[in-house]
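**Q** Questions regarding the structure given below will be posed in turn.
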Protein chains: 2
Amino acid sequence: MSQQHETHNRRLKLLRAAMVDAGFYGWIIGREDMYQGEEVPAGDERLAFLSGFTGSAGFAVVLADRAALFSDGRYSLQMAAQTDSAIWQCFTIPDTTFEDWLKTATLPEGAVIGVDGRLITVSLFRRVERSVLAAGANLVCHGENLLDPLWPDKPAMPPAATWQMPVELAGKAVADKIDDLAAQMSAKDCAAVLLTRVDVVNWLVNMRGADLPCTPVNLCFAFYHKDEGLCLFGERARLAPVIGADISVAPLSELPERLCRLGERRLMIEPDSLPRILFDQIAASGVKTLETDCPLAPTKACKTPAELDGFRAAHRRDGAAMVEFLCWLDKAVAASPATYNETEIVDRLLVFRQQQDGFLAPSFETIAGSGPNGAIVHYRAVAGADRRLAADDLLLLDSGAHYRDGTTDITRTIAIGNPPVGAVAAYSHVLRSHIHLAAAKFPVGTNGQQLDAIARAPLWSAQLDFAHGTGHGVGHVLSVHEGPASISKRGKVALEVGMVMSNEPGYYQTGDWGIRTENLLVVAASPAGQFLQFETLTLCPFDRRLIDKSLLSSTEIDWIDAYHRTVYTQLHPALSSAAKAWLASACRPL
Amino acid sequence: MSQQHETHNRRLKLLRAAMVDAGFYGWIIGREDMYQGEEVPAGDERLAFLSGFTGSAGFAVVLADRAALFSDGRYSLQMAAQTDSAIWQCFTIPDTTFEDWLKTATLPEGAVIGVDGRLITVSLFRRVERSVLAAGANLVCHGENLLDPLWPDKPAMPPAATWQMPVELAGKAVADKIDDLAAQMSAKDCAAVLLTRVDVVNWLVNMRGADLPCTPVNLCFAFYHKDEGLCLFGERARLAPVIGADISVAPLSELPERLCRLGERRLMIEPDSLPRILFDQIAASGVKTLETDCPLAPTKACKTPAELDGFRAAHRRDGAAMVEFLCWLDKAVAASPATYNETEIVDRLLVFRQQQDGFLAPSFETIAGSGPNGAIVHYRAVAGADRRLAADDLLLLDSGAHYRDGTTDITRTIAIGNPPVGAVAAYSHVLRSHIHLAAAKFPVGTNGQQLDAIARAPLWSAQLDFAHGTGHGVGHVLSVHEGPASISKRGKVALEVGMVMSNEPGYYQTGDWGIRTENLLVVAASPAGQFLQFETLTLCPFDRRLIDKSLLSSTEIDWIDAYHRTVYTQLHPALSSAAKAWLASACRPL
């Protein structure tokens, strides 16, 4: 048995002992922290700590006599590869669900399954509880995590790096945002609200931080009471420097005393983000609640003119970084592609971005998929396990950054040598889909589901499709994935002026190559009447070596040429002379 | 006071007396019959009988001291025009709802509002009951209609005209359809089903009739018990001639004895179509029920190859009728358009259709909207109140027929003289939308909501839109509007091979003209893989005088030319020589 397996098995044994002490027949371990972000602080990576599985999604269930690991199709192989098969049964959802599996276990009468109530939301608790009850057991929220005593050297939070988003960039003062919040609450007859979305809280008080590698936020909740004002639940030392004097900071343990002061009045809460344990505290206090979606998420999604100017400025600098990189890449691989592997490409691109003013951090872990890795939609190159570039590869490169004034997320597919068979036609159809969305006009009230179909239609005409959404919302120096709108089959929310959305159709030929072409767009009013349209923010040429003009209409060709003219005009002043020449050639009319 | 108003007021007085006798403070009158069709037998037009309002949708509520009429925006003016304003308050939904209004009435304690339980579905009863309860009253289902004793000379049903749909045209024998039904019921653990959709019942037993002017069906329900077989609830004299010996016919009053024999086993019912009074009988019998959508509607919607061949043959003959008509129209109006009014146009077109083999009836009341009437989406020309054609009109003509082998529904917009300003551009964009849907390929699982967006995209690009759905399902010699799929913002059902759908985008310039271009399509598998596409059934040229080629792509022009070649090839053999020459010119390449 490997040493790693030994370590994890020992932890599992200790966990089972702790379960017995606490009276639990079963214990659930997720990958979440209390703030429910896509990124998790290192000290909250309990799933990996216990099982060895390092995937970004999944959960484990430990019973007295068996242990199961669940994740989605992205991680089927990884789960099995990383865990001790003598101990862990691995299951892919939805082929096998937690409920399916739990029903196969023989549970004693009155068996109790426990979960750390700080790390599970009210909505998820309710869903899991239904499954547990269906299997004949009970689900109980525990105030502590049974794993934490086994992890005395757990990594600490990074040092505080809080800063104020200036009102010139935010476009709206904190006091005005709070006034809007108060009005929303009055409309719903609530005297207070508990805000449990980290990006919303940071946005509300115009502050940013660096608590997570790719999300420049401070991890904290907020409580707003219309008579008492706003209070952040977090560490005073970390937060006080960046907030106004009229905003207080308190530890989360002070929530109950604030609840007491509500009396008969209603508290607005969001089950999708509220930790179950806080919900139980609220219930115990007798405070009346209104369960609703976060009232600020829609407002935050519609960027102010100042935020949009910030996005535009950031995109000019990010575009310069991309062009310098692409210029370098063309030369670097021209002679010998195999000189570079995927992680080296990722590192090189990061250096170009770091050279730009106002760079804060990547907005997510770069995807660099060369050759067949491009067809694995969630692929991330891992040093030591990555692929060397080869002649006649496609390279799919999806990357982005947070700058002080805006966030970027761009995908370009690059020809390394001669394009493989079928790639040019597929690339051209993907580009058509991209253009049809970028150029769309649509009435007020149109939702992402409708736009998703409009985007897919050109690919579908060629009997091609892609198994992910067309686009997601993007936050303003917050989270690169931002709701409530999305351009996808599930996109039920209407798109509104000021929303920043990605436009990223693709096509993946499993085992061979993958293509994705992504820009960010802003929803804008069209010059006349009740229609909306998109303004493209991203500035970077498409790879003309992958475009077959004969597959494009004259309107589509005109769109590409106009876009490339804009790219050249906007970017060339800040480029090195080599990059400027490269860009002039890349942007010449098709 | 007009004589008509006198008559209606007298009826209202008698109704109120009957309400008092029956213990009702209020009484609801809809336009529905027990079979809930879009068409209602003349003897069920109780709303018009009582109030004078003849719109196709709406309901009245009579209280002891007031009377209200509700309908949608199509009928706001008509309601007011046709009723005595001293008696009837008229309201447009959703501006004012029934619940809004009821709450303004002072209802005595324990007030009971009654409704004829045969004429209201379970689903609608539940919705209305919520409103009534919210207003502090109770809703009760009554076994009789308080109006019927006041209408001793109510029109009778038309004479029976039942006929058998031959299995060569149906493509599936009744016994096989019943076997499929039995399998569906087993899968849902039901021993019996009460089928309360008329088109489904007729389809199931391969019979047709003429109980309604534009719907060739026999009005009846069906009860299937897997041990006892199939029973139709209707008149034996009308139905027995066209059904197999193993199918019984009984009066609806015999439902309770069949329920008794179910014992502990489950009955499948459909709340959206089941009359409330039957639901109450079922509840009283103690029989266990499963509430579900009609299990046969999805099967019926996917036409057999034989049904599709029937549609194709019917469309060849209907196309010939349309072409003969359009040829006649061009000559007739060339000299003097004002010779004809809209109802004369409607009559003339019907004559051409009646000349075709197998013609049964129109599939709906023809819409002939000339000039500004074309912009009124629900407009129907009424003799004596219709408009005379004028030079430089557009004529919007939406018509169709049931033949013994298939059903048609086609809209053409025709230039009468010179097209009005703006009409050619709008027509061309509408045609582009039509083409984009007709030519679409889409993956299995795509729903009508997605296709609706793909259809609208070209109109939206020109900042135009239309305020109705893009398409509805069409039955096979049943109802011209058939679920469960639709191509609209609410189209949640996936389109499947064999579904016949309309493709009818439009654009309406209020006060001036209206444009709609409609063909019927069949969903077909595409030659390769998991994609679907459409085959166009309708054969009739588009009006080239309204097409601006400069607004079309070369792909769109090619599509029109290919379509017109098909139209000519398919239709010309059966045409008169004048029509043949007209068609050759109409179908020449753009």
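The values are calculated or read from the model by the stated rules, or taken from the named source; none is laboratory data. Computed from a predicted model, the values in this text were never measured in an experiment. In this analysis, Cβ positions are derived from the backbone assuming ideal geometry, glycine residues included, and neighbour counts consider all displayed protein chains.
**Q** Can you give me the number of residues within the range A:94-127 that are of a type in the set (Val, Ile, Thr), surrounded by fewer than 18 Cβ atoms within 10 Å (Cβ to Cβ) and within 26 Å of the chain's Cα centre (by Cα)?
**A** Let us first name the residues in the range A:94-127 that are of a type in the set (Val, Ile, Thr), namely A:96-97, A:104, A:106, A:112-113, A:115, A:120-122.
After this cut, where a residue has to be surrounded by fewer than 18 Cβ atoms within 10 Å (Cβ to Cβ) as well, the list is A:96-97, A:104, A:106.
If we keep only those that are within 26 Å of the chain's Cα centre (by Cα) as well, we get A:96-97.
The qualifying residues number 2.
**Q** Consider the range A:514-529. How many of its residues are buried (at least 21 other Cβ atoms within 10 Å of the Cβ) and of a type in the set (S, T, N, Q)?
**A** Selection size over the range A:514-529: 2.
**Q** Let me ask you something else. Out of contact with any Cys (no Cβ under 9 Å at 6 or more places or on another chain) and outside the structural domain of residue B:478 (by TED's automatic domain parsing): is that true of residue B:282 in this structure?
**A** On the way: out of contact with any Cys (no Cβ under 9 Å at 6 or more places or on another chain): yes; outside the structural domain of residue B:478 (by TED's automatic domain parsing): yes.
So residue B:282 passes the test.
**Q** Here's a follow-up. Would you be able to say whether some residue in the range A:94-105 is in a loop (DSSP other than H, G, I, E, B), without any contact (Cβ under 8 Å) to a residue 12 or more places away in the chain, under 29 Å from residue A:6 (Cα atoms) and of a type outside the set (Phe, Trp, Tyr)?
**A** Scanning the range A:94-105, I find no residue that is in a loop (DSSP other than H, G, I, E, B), without any contact (Cβ under 8 Å) to a residue 12 or more places away in the chain, under 29 Å from residue A:6 (Cα atoms) and of a type outside the set (Phe, Trp, Tyr), so the answer is no.
**Q** Separate question: So if I check each of B:582, B:513, B:559, which one is in contact (Cβ under 8 Å) with a residue 40 or more places away in the chain and farther than 24 Å from residue B:460 by Cβ?
**A** B:582
**Q** If residue B:532 passes every condition in (1) farther than 24 Å from residue B:315 by Cα; (2) surrounded by fewer than 24 Cβ atoms within 10 Å (Cβ to Cβ) but one, which one does it miss?
**A** (1)
Residue-by-condition table, conditions (1) of a type outside the set (A, V, I, L, M, F, W, C); (2) crowded, with 18+ Cβ neighbours inside 10 Å; (3) in a helix (DSSP H, G or I):
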| site | (1), (2), (3) |
| --- | --- |
| A:13 | yes, no, yes |
| A:20 | no, no, yes |
| A:33 | yes, yes, no |
| A:57 | no, no, no |
| A:60 | no, yes, no |
| A:75 | yes, yes, yes |
| A:85 | yes, no, no |
| A:89 | yes, no, no |
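**Q** For the range B:542-561, name all the residues that are more than 14 Å from chain A (Cβ to nearest Cβ) and either among the polar types (S, T, N, Q) or not in a helix (DSSP H, G or I) (or both).
**A** Narrowing the range B:542-561 to residues more than 14 Å from chain A (Cβ to nearest Cβ): B:542-548, B:560-561.
B:542, B:543, B:547, B:548, listed by residue number.
**Q** Here is a check on your reading of the model: is residue A:510 under 20 Å from residue A:319 (Cβ atoms) and touching a helix residue (DSSP H, G or I) at 6+ places or on another chain (Cβ under 7 Å)?
**A** Details: under 20 Å from residue A:319 (Cβ atoms): no; touching a helix residue (DSSP H, G or I) at 6+ places or on another chain (Cβ under 7 Å): yes.
Taking the combined requirement at face value, the residue does not satisfy it.
**Q** Here's a follow-up. If I filter the range A:26-65 down to residues being at positive phi and among the small types (Gly, Ala, Ser), which single residue comes out as farthest from the chain's Cα centre (by Cα)?
**A** Taking the range A:26-65 first, the residues at positive phi are A:36, A:52, A:58.
Now narrow it down to the ones that are among the small types (Gly, Ala, Ser): A:52, A:58.
Details: A:52: 23, A:58: 16 Å.
If we take residues in the range A:26-65 being at positive phi and among the small types (Gly, Ala, Ser), then A:52 is farthest from the chain's Cα centre (by Cα).
**Q** Now a separate question. Residues that are away from chain A (no Cβ under 14 Å), over 29 Å from residue B:306 (Cα atoms) and touching a strand residue (DSSP E or B) at 6+ places or on another chain (Cβ under 6 Å), at least 2 per element: which strands (runs of 3 or more DSSP E) completely within the range B:410-528 meet that? Walk me through how you get there before you give the answer.
**A** On the way: elements: B:410-416, B:441-443, B:471-473, B:482-487, B:500-503, B:506-509, B:513-516, B:519-525.
Those strands (runs of 3 or more DSSP E) span B:410-416, B:506-509, B:513-516.
**Q** Tally time: how many residues in the range B:219-268 are of a type in the set (Gly, Ala, Ser) and buried (at least 19 other Cβ atoms within 10 Å of the Cβ)? Break it down stepwise before answering.
**A** Going residue by residue through the range B:219-268, those that are of a type in the set (Gly, Ala, Ser) are B:222, B:229, B:234, B:237, B:240, B:244-245, B:248, B:250, B:253, B:263.
Now narrow it down to the ones that are buried (at least 19 other Cβ atoms within 10 Å of the Cβ): B:222, B:234.
Within the range B:219-268, residues that are of a type in the set (Gly, Ala, Ser) and buried (at least 19 other Cβ atoms within 10 Å of the Cβ) number 2.
**Q** Go through (1) away from chain B (no Cβ under 14 Å); (2) of a type in the set (Val, Ile, Thr); (3) surrounded by 15 or more Cβ atoms within 10 Å (Cβ to Cβ) one by one and return the number of the condition residue A:566 breaks.
**A** (3)
**Q** Restricting the range B:35-55 to residues that are without any contact (Cβ under 8 Å) to a residue 60 or more places away in the chain and among the polar types (S, T, N, Q), which is surrounded by the fewest Cβ atoms within 10 Å (Cβ to Cβ)?
**A** Going through the qualifying residues, I end up with B:54.
**Q** Pick out the one residue from B:216, B:271 that is within 19 Å of residue B:197 (Cβ to Cβ), buried (at least 19 other Cβ atoms within 10 Å of the Cβ) and either modelled with pLDDT of 95 or more or in the same structural domain as residue B:200 (by TED's automatic domain parsing) (or both).
**A** B:216
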